[in-house]
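No lab work stands behind these numbers, since they all come straight from the coordinates. Just so you know, these numbers come straight off a predicted model, no measurement behind them. Here the Cβ positions follow ideal geometry from the backbone for every residue, glycine too, while neighbour counts run over all protein chains shown.
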Amino acid sequence: MKHWIAFWNILLKDLRAYYLKPPNISWGLIFPLAWTGMFFIRSGSGLESTLSILPGVMAVSILFGTTSMLSVTVTFEKRNRSFDRLLLSPIPLWLLMLAKTSGAILFGILNAFVPVVMAALLTDLSAVNWSLVVPAVILISLASTFLGLFIAVSVSEVFEAQTFSNFFRFPMIFLCGLFMPVASLPVYLQPLSYLLPLTYGVDILHGAIRGQNHLAYPLSFGLIFLFCISLFLLSLRNIYRKWIL
Amino acid sequence: MTAITDSNQPVTPKAPIILVEGLAKSFGKVTALNGISFQVQPGELFGFLGPNGAGKTTAINILTGLARADAGTIRIDGQDCTRNPKAAQHLIGIVPDESNLYAELTGFDNLCFCAALYGMPKAERVDRAHELLKFFGLTEAGRRKFGGYSKGMKRKLTIAAGLIHRPRILFLDEPTTGIDVASARQIRQLIQDLHGSGTTIFLTTHYIEEAERLCDRIAFIVDGQIVLEDSVPHLLQPLQNKHVLLLYVLGADQQLASQMAEAFPGGQVEVAAKDQLRLEAETPIPLAPLVNFLAGRGREVTEARRPSHTLEDVFVRVTGLQVDMLKKEKEKSTGGGQ
């Protein structure tokens, strides 16, 4: 019980101190809006292209939202030593890091539904399988957050976290089937796509929103879940090895 | 004074609350701690005294779980914390050398947040935060953001945060470094009050006079090794039979010191500083013959003093380090002083 009081308060503190600040709220709205507008204009087609764009915009909103925030909530706090206060409290490290990442996970989930609300104003979403969309969004948010955590604990400065994030984020836009199918990529790049967690999440979204998934749902769910666990455990190991010297 | 920590919890009589044996730590080729051993008794105010880079903060980091030891064992309140530092973290409060609270939260919110990290229920942490803000004279400031506090206020709130969960052991890392004289004095009084209420305190400092005034027992640490450890009276004991006289003589130099040493055998004479001779002997040193001796050589004694022995003398004697240089070095790095 005591640990969960700590968990809840770490999450609340982060929400108040970082996520509910006006710049972050506006960023969470403007970013998906910009992506939606950009791809809608680029597609050159009418409103019927909204559904084909939606999975990619949802995924990219989650990816950028979560990974950007982790460099602040983790790297910045480590840099100014306030993170030490958390490490000195009697909370297991895994629970502490789960608390520190929960805000980003929620932020990612909310970011994903901004383009959904916008799409609902433009087109008919009645055919969307929400029982697949919701768990897929949660898993994409988890995987992206833990990727952000992995990056955040690999560096010591906030700017390093931001630039190192881009090393992963921008290739993932093109490699993970967000706006072009993985099958349309050159053959030598396709194996790389399947090494990235977002590929599986986006494939589920393409299936749930417009019935065009390439992999079986259980396989995609299983693999993205495996990525989540691996990235989280790898991050814990890095914290233990690099931060508790 | 309100009891600020929970000193009524049962403590095994005479069992050390902190027991450290053979603690070693290296960073690459640099040895930070070289197999140090010491004990701290319950309710004791134990001082860890040494220059910058001696290993004080490394020792605190290992004891509190922020760093891992390469070798050695740590037991806190009987629990083996060598492999599992989390085992005793609920017993300890930590006040780091730099305030590490959240700039964007108010003083009150910072304290409530720190209390929540130890699993305190909401009503209890609110009461405790108000109690500590009042105790530290920060009731008004508690409504303001921590980022806007002065250095002294920041240090006080950081100490309050370290006490929020009523720890049995408080680690204070350089608590008065870099703050103004008035705040430093207040903090020293707080430390004495806490000690009086039964809290075990582990204090690191480079201010020797502070350690002498506050601590029950002191360990001198230099280059990762404890070179001397004892109670303050015991540390001073070897100097009790020494008689020291400081003479202020314009143009005093080594040649003059040598001449005096020849003329007055049975003691030591040295140039302690510019225009200052220091005489040390096993027997009382009469002043008149010295003044006459110097007058016969055309030198005038402008001032003479018989200083009492301090821990600083012991420190300099044991380590061979110059205390003033250490203070200046530290104050330069923290941008303040006392």
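Observations, loosely collected:
- Cα centroid of the stretch B:92-126 to Cα centroid of the stretch B:171-244, whole Å: 26 Å
- Beta-bridge orientation, the protein assembly as shown: approximately 70 percent antiparallel, per DSSP, counting only bridges with both partners inside.
- Taken about its Cα centre, the stretch B:170-247 carries a charge dipole of about 240 debye when Lys and Arg each add +1 at the Cβ and Asp and Glu each add -1 at the Cβ.
- Estimated translational D of the protein assembly as shown in µm²/s (Stokes, Kirkwood radius over Cα pairs; 20 °C; 1.002 mPa s): 77 µm²/s
- Relative contact order (percent, whole number), chain A, Cα cutoff 8 Å, 6+ residue spacing: 25 percent
- As computed over chain B, the Cα convex hull volume per residue (Å³): 162 Å³
- Crossing angle, helix B:122-135 versus chain B [Cα axis fit, 0-90 degrees, rounded to tens]: 30 degrees
- Only beta bridges with both residues in chain B are counted; by DSSP, about 70 percent of them are antiparallel.
- Between the stretch A:89-154 and the stretch A:167-245, the alpha-carbon centres lie 14 Å apart.
- Cα point-scatterer Debye curve for the stretch A:2-242, base-10 log of I(q)/I(0) at q = 0.10, 0.13, 0.18 Å⁻¹: -0.46, -0.77, -1.37
- Flagged links, alpha-carbon separation over 32 Å, of B:151/B:274; B:29/B:86; B:25/B:134; A:2/B:29; A:2/A:78: B:151/B:274; B:25/B:134; A:2/B:29
- Helix-only [θ]222 nm of chain A, DSSP H runs n ≥ 4, -39500 (n - 2.57) each, per residue, nearest 500: -24500 deg cm²/dmol
- Per residue, the average separation of C-alpha pairs within less than 8 Å and at least 6 apart gives chain B a relative contact order of 20 percent.
- Where the Cα pairs of the stretch B:241-308 fall when distances are cut into 10 Å bins, in %: 22, 63, 14, 0
- Equivalent-ellipsoid semi-axes for the stretch B:137-295 (Cα gyration tensor, √(5λ), whole Å, largest first): 45, 19, 13.
- Ranked A:49, A:141, criterion: other C-beta atoms within 10 Å, fewest first: A:49, A:141
- Pairs of Cα atoms nearer than 8 Å and 6+ residues apart set the relative contact order; for the stretch B:241-308 it is 46 percent.
- The reciprocal of the average 1/r between distinct C-alpha atoms defines the Kirkwood hydrodynamic radius, which for the stretch B:104-166 equals 11.1 Å.
- Listed by chain and number, the aspartates and glutamates whose alpha-carbon sits under 12 Å from that of residue B:145, ignoring those within fewer than 8 places in the same chain, are B:104, B:109.
- Within straight-line cross-link reach of residue B:56, aspartates and glutamates at Cα separation under 12 Å, skipping those fewer than 8 residues along the same chain: B:97, B:173, B:174, B:223
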